[in-house]
Amino acid sequence: MRAKVLITPRSFLKVKEQAQNLLKRYDLDLIYNDTGKTLTEEQMLKMCEDVDGLIVGIDPVTEKVLKNARKLKAISKYGAGLDNIDLKTARELGIKVASAAGTNATSVAELAIGMFFALARNLAKHVFLVKNGGWDRIQGVELTGKTAGIIGLGNIGKEVARLANGIGMRIIAYDPYFEDSEFLKKYDVKMASLESVFKEADFVTLHVPLTEATAKIVNENTLKLMKKTAYIVNTSRGGLIDEDALYEALKNDKIAGAASDVFSKEPPGFHKLLTLDNFLLTPHIGAYTAEAVEKMAIKSIENLVVLLFDEEMKSQA
Ligand SMILES: NC(=O)c1ccc[n+]([C@@H]2O[C@H](COP(=O)([O-])OP(=O)(O)OC[C@H]3O[C@@H](n4cnc5c(N)ncnc54)[C@H](O)[C@@H]3O)[C@@H](O)[C@H]2O)c1
Ligand SMILES: O=C(O)CC[C@@H](O)C(=O)O
């Protein structure tokens, strides 16, 4: 019987033809999410009910969804973060999971560095000001010579380090699992404690996965360690920040500003952070580039084939 695969990411539709071409040698029925939105748990429950494989974006793959998906054998993440998948239940049910980490590292790192520049030169405020008839100038700061504090030195964190090094920033990083001393030498990165990163960095940037250990890693206590002139950038997951504590720190000018691509609830709807002009935001666009979309699609397809058929993808030549 043909295996059925649900493909949920909205941006996957942009490379649908290429994906179908890659998969044409396999006996698969492909079903797409054509709602134009991230699926809810209710929708996932129904749509996963009779599928053998899943290529998933940030839609919720909860315990309830997994237990209801009786035929599901493989989940291939279209992207890096696995926090939307209940990995413990998947393991218990024998459902295999793979990540496409690395495929969007350049795109996310470029957005993080873009946010450094936008914060340093008040780009959003200046655009708004001039479009509203003003011509005032807000003094900015240079990035050259400033300290980038990278929390999580994986695929994205390393790209941020490479780019920050190119700009002439001093780089410190916290990642207890990092072991590549050659990389540290090449890009002049100094490993530091989490506390030192918060204390010393002019730009703290988050690149850890959302787990029990990292949830609210930015909180009242860690924000208190930061310099009044420092900025925080989050292109990882909303749950890494205690958003109430960030609001208080920004509102009371305890730190200079923050930029976030991600929120604990997406879309955030009305959120008090959105009322602050030292808070920049984007709607989870980190991986939304032509290049990353293609790489995520190809890698998630390759991973699915390995998980479902236990083989490397057959050459398309
Ligand atoms: N905004 C977006 O669209 C977007 C796109 C891609 C990834 N992301 C997020 O970025 C995260 C990182 O992606 P990646 O590709 O770099 O992942 P990765 O797995 O390559 O790197 C994660 C790094 O975090 C480190 N780490 C894990 N737990 C830690 C802890 N408790 N303290 C410090 N370091 C810890 C790991 O050692 C690893 O080096 C993803 O998990 C995802 O949540 C967001
Ligand atoms: O589906 C997307 O576009 C985002 C995926 C991204 O958050 C990731 O974890 O790689």
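Here, each number is a calculation from the coordinates, and none is a lab measurement. The structure displayed is predicted, hence computed values, not measured ones. Cβ atoms come from the backbone with ideal geometry, glycine included; neighbour counts cover every protein chain shown.
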(message) Less than 14 Å Cβ to Cβ from residue 162, Lys/Arg counted +1 and Asp/Glu -1: what total charge do the surrounding residues give?
(response) -2
(request) Return the single residue from 182, 294, 200 with maximal mean-square fluctuation; model: Gaussian network over the chain, springs between Cα atoms under 10 Å. (result) 182
(request) Evaluate the relative contact order of the range 105-281 (contact order divided by residue number), counting alpha-carbon pairs under 8 angstrom at least 6 apart; express in whole percent. (result) 19 percent
(request) Divide by every residue of the chain the summed helix terms, -39500 (n - 2.57) for each DSSP H run of at least 4, and state the resulting mean residue ellipticity at 222 nm, rounded to the nearest 500 deg cm²/dmol. (result) -10500 deg cm²/dmol
(request) List, largest first, the extents of the alpha carbons of the range 105-281 along their principal axes, each in whole Å. (result) 51, 34, 28
(request) Give me the number: length gained by fully extending residue 17 to residue 130, i.e. 0.36 nm times residue separation minus the C-alpha to C-alpha distance, one decimal in nm. (result) 36.4 nm
(message) Modelling each spin label as a point 7 Å along the Cα-to-Cβ direction, I'd like the residue 117/residue 224 distance in nm, to one decimal.
(response) 3.7 nm
(request) Choose one of 72, 193, 298: the residue whose Cα lies farthest towards the positive end of the charge dipole of the chain (beta-carbon charges +1 Lys, Arg; -1 Asp, Glu; about the Cα centre). (result) 298
(request) Anything over 27 Å Cα to Cα? Flag those among 186/228; 199/251; 77/125, in the order listed. (result) 186/228; 77/125
(message) Can you compute the modelled spin-label distance between residue 312 and residue 165, with each label point 7 Å from Cα toward Cβ, in nm?
(response) 3.0 nm
(message) Could you tell me the center-to-center distance, by alpha carbons, between the range 176-254 and the range 101-124 in angstrom?
(response) 15 Å
(request) Note down the net charge around residue 128, summing +1 for each Lys or Arg and -1 for each Asp or Glu among other residues with Cβ under 15 Å from its Cβ. (result) +2
(request) List every DSSP H helix in the chain whose Cα atoms extend 20 Å or more along the helix's own long axis and whose mean Kyte-Doolittle hydropathy is at least 1.0. (result) 105-120, 290-309
(message) What distance in nm lies between label points placed 7 Å from Cα along the C-beta direction at residue 213 and residue 87?
(response) 1.0 nm
(request) Mind checking the full-extension length gain between residue 1 and residue 190? Use 0.36 nm per residue of separation minus the Cα-Cα distance, one decimal, nm. (result) 62.6 nm
(request) Express the C-alpha Rg of the chain as a ratio against the empirical globular expectation 2.2 N^0.38 Å, rounded to two decimals. (result) 1.07
